Amino acid sequence: MGTIALVIFLFILPFIWFFWTSMGLKSGKRNKTHWKISLIALIAVVLISVGLNYYFSDAYQLSFFQNGFESKVALVVCAAFLLVIVVVNLIANRLFKGAPKSFHNPEVVWRLAAVFCAIILFFTMWVYPLGEKTSYINKIENALALSEQQQGDEEIIVLFMSSERKCMRTNTSNCHSQPYQNTFFLKNNLDIQKEVQVRIRALDSEQTELKVIESDIMTLEAGELKLVETEESFDEASIWSRSSFETDRRVQSYESLYRYRDRD
């Protein structure tokens, strides 16, 4: 989650700067130069993110946008937020009917609600997926480097890359209830296509068994590296959002057994 948090942070900074200078400009406390610089910084970050997405799509064959299911989830989150604002604003209108606009201004509330909804959609449909893509590609590159070190005579290499909770602050009580998302990769070292299945025995720091699970039967091209997918992998999520399986405790080591065959 460190990579995802860093990407979000890099977007939040210019957003906060832009809104701060915009508010100052409206009240006359900031000059236009500061506002223009903050706007340029925000646009630059967005353009860089577009370039990164194009690069990821071209170099790693990743989809430019998240899939439809995840977009629907983002829209539901935004709609829920908007519904709360609507209910609160309607109640306030009835309770403070006839109150001066300096005390309660419905138009300002609607504008703020629209801005916040746009920000929610931008971060859930663009920024967070970009962070997940960056984290996923970092794992791919590390897996490729590790596979080169472990090449040997193995026809198929099983690579354990991470065991982490999907939480920004892992010391909070909410995070303690979250399971660990474990990411494994398979690499086909043969020079022909194979169908591969792997059985993984996940262990904690004391070598206690956490879970034994078998992967789906996966088709790997010659030299191809793929995320290990199991019955616990969420098929409706984009590939960069998936994990191999979940455990209640962090996986520290593993044992694996694989089998492969020619594809019919």
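The values are calculated or read from the model by the stated rules, or taken from the named source; none is laboratory data. On a predicted model such as this, the values are computed, not experimentally measured, just so you know. In this analysis, Cβ positions are derived from the backbone assuming ideal geometry, glycine residues included, and neighbour counts consider all displayed protein chains. The accessibility values were calculated without ligands, DNA or RNA, using every heavy atom of the protein model including side chains. Shrake-Rupley method; radii C 1.70, N 1.55, O 1.52, S 1.80 Å.
Extent of the stretch 137-264 along its three principal axes (Cα atoms, max minus min coordinate, largest first): 48, 33, 25 Å. Annotation: cysteines of the chain without a disulfide-compatible partner (Cβ-Cβ under 4.7 angstrom) are Cys78, Cys117.
Sequentially through the stretch 34-42, phi angles give Karplus couplings (6.51, -1.76, 1.60; θ = phi - 60°) of 4, 5, 5, 5, 5, 5, 4, 5, 5 Hz, Gly and Pro residues having no value and appearing as x.
Taking the accessible area of the chain, probe 1.4 Å, and keeping the other protein chains in place, the carbon and sulfur fraction comes to 59%.
For the chain, the solvent-accessible area works out to 60 Å² per residue, with a probe of 1.4 Å and every protein chain left in place. The phi-based Karplus calculation (6.51 cos²θ - 1.76 cosθ + 1.60; θ = phi - 60°) puts the 3J(HN,Hα) values of the stretch 84-93 at 4, 4, 4, 4, 4, 5, 5, 5, 5, 4 Hz, whole numbers, x for Gly and Pro. Were the residues from Lys97 through Val109 laid out at 0.36 nm apart, the gain over their Cα-Cα distance would be 2.8 nm. Taking Cα centre as origin and charging only the Cβ of basic (Lys, Arg, +1) and acidic (Asp, Glu, -1) residues, the dipole magnitude of the chain rounds to 2460 debye. For the chain, lysine pairs with C-alpha atoms less than 18 angstrom apart, excluding pairs fewer than eight positions apart on the same chain, total 9. In this calculation the C-beta distance from Leu121 to Ala59 is compared with R0 = 30 Å, giving a FRET efficiency of 0.65.
Under the rule a/c < 1.5 gives rounded, and otherwise a/b versus b/c splits prolate from oblate, where does the stretch 39-114 land using the Cα gyration tensor? Oblate is the answer for the stretch 39-114, as a/c is 1.5 or above yet b/c matches or exceeds a/b.
When the Cα atoms of the stretch 116-160 are aligned to their principal axes, the ranges along those axes come out at 55, 13, 11 Å in descending order. Packing around the peptides 183-189, 225-231, 113-119, taken as the average count of other Cβ atoms within 10 Å per residue, puts them in this order, highest first: 183-189, 225-231, 113-119. Candidate values (1) 14.0; (2) 18.9; (3) 22.9 were compared with mean projected area of the Cα convex hull in nm² computed on the shown model; the agreeing label is (2). Charge tally around Lys194: other residues with Cβ under 9 Å, Lys/Arg +1 each, Asp/Glu -1 each, net -2.
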